Amino acid sequence: MDRLSAPFVFVFYLIIVGLAFVLGNSLAGLDVLIWHDDNDTSVAFDALLGVGVGVVVVALSQVLDRTTRWARVLTDEFSKLLGSLSVTQAFIFAAASGIAEEIFFRGFLQQLLSVHVFSGASAPFLGLIVASLIFGGLHLGPDFKRFWPWMAMAIVLGGVFGWMYLYTGNVLAPIVAHFTTNFFNLLFMSPQPVTSAVELADEE
């Protein structure tokens, strides 16, 4: 892959996680990993919820890719932007983005808005909505005309991940869902290298 390197992605998201901990834990007094335990969900439940939601999102993405033009255009644009990814690269990209973005946008931003910005019974839901809009708005892409569906989908997914965070009270479920979604979608949209007949003959 000659467009984005795994080390660059790792460092970039490491900075995002660092910001979440500094701004959340140190300055705002928030635990960016665990917000509450109101529903007393188990680690196993949270992980399975994340996997289930991620699988459903991947399946819906594949259906849209096969039935709508805008989804196919978006997949083509990402294929050009990312180039061919190995399974290891897709894993690193998905893990780094899933962990960092959920800790920052859910663990820090959504909790901050819900606890310190809004008040009253509606505060958690307003925090969820605003954090989801900001999350989606930052998924603009290099060309708004071609990437606006990505932004719209990110807003919706931000709402889904935010609801899981609000319900479970921790970032495990949204991290797993985010990772599952990104990992499989990256593999599906990554163009596979074409092996020529001459190369096959040389290997034999």
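The values are calculated or read from the model by the stated rules, or taken from the named source; none is laboratory data. It should be emphasised that the depicted structure is a prediction, and the values quoted were computed from it without experimental measurement. Cβ placement follows ideal geometry from the backbone for every residue including glycine, while neighbour counts extend to all protein chains displayed.
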**Request:** Just name the residue that is nearest to SER86 (Cα to Cα) out of those in region 14-28 that are at pLDDT below 95 and of a type outside the set (A, V, I, L, M, F, W, C).
**Result:** ASN25
**Asked** Can you pull out the residues in region 136-184 that are β-branched (Val, Ile, Thr) and touching a Gly at 6+ places or on another chain (Cβ under 6 Å)?
**Response** ILE155, VAL171, ILE175, VAL176, THR180, THR181
**Prompt:** In region 77-107, what residues are small (Gly, Ala, Ser) and assigned to a helix (DSSP H, G or I)?
**Reply:** SER79, ALA90, ALA94, ALA95, ALA96, SER97, GLY98, ALA100, GLY107
**Request:** Identify the single condition in (1) touching a Leu at 6+ places or on another chain (Cβ under 8 Å); (2) modelled with pLDDT of 95 or more; (3) not acidic (Asp, Glu) that ASN39 does not satisfy, given that it satisfies every other one.
**Result:** (1)
**Fill in**
Considering region 52-72, residues that are surrounded by 14 or more Cβ atoms within 10 Å (Cβ to Cβ) and among the aliphatic types (A, V, I, L, M), and then whichever is modelled with the lowest pLDDT, we arrive at ALA71
**Prompt:** Only one of these conditions is not met by LYS80: (1) within 17 Å of SER97 (Cβ to Cβ); (2) more than 17 Å from the chain's Cα centre (by Cα). Which number is it?
**Reply:** (1)
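Has region 66-84 got at least one residue that is within 20 Å of VAL156 (Cβ to Cβ) and either of a type in the set (Asp, Glu) or in contact with a Gly (Cβ under 6 Å, 6 or more places away or on another chain) (or both)?
Residues of region 66-84 within 20 Å of VAL156 (Cβ to Cβ): 66-75, 77-78.
When the remaining residues are screened for being either of a type in the set (Asp, Glu) or in contact with a Gly (Cβ under 6 Å, 6 or more places away or on another chain) (or both), the result is 77.
Yes, there is a match, as at least one residue in region 66-84 is within 20 Å of VAL156 (Cβ to Cβ) and either of a type in the set (Asp, Glu) or in contact with a Gly (Cβ under 6 Å, 6 or more places away or on another chain) (or both).
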**Asked** In region 47-76, how many residues are farther than 13 Å from ASN185 by Cα and in a helix (DSSP H, G or I)?
**Response** 12
**Message:** Go through (1) within 25 Å of ALA44 (Cβ to Cβ); (2) without any contact (Cβ under 8 Å) to a residue 12 or more places away in the chain for SER97 and report which single condition fails.
**Reply:** (2)
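Can LEU49 be described as crowded, with 17+ Cβ neighbours inside 10 Å and either touching a residue at least 60 places away in the same chain (Cβ under 8 Å) or over 16 Å from the mean Cα position of the chain (by Cα) (or both)? Talk me through it step by step, then tell me what you get.
Working: crowded, with 17+ Cβ neighbours inside 10 Å: yes; either touching a residue at least 60 places away in the same chain (Cβ under 8 Å) or over 16 Å from the mean Cα position of the chain (by Cα) (or both): yes.
Yes, satisfied.
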**Item:** Answer from LEU19, LEU23, LEU33, LEU60 - the residue that is in contact with a strand residue (DSSP E or B) (Cβ under 9 Å, 6 or more places away or on another chain) and more than 20 Å from PHE91 (Cβ to Cβ)
**Value:** LEU33
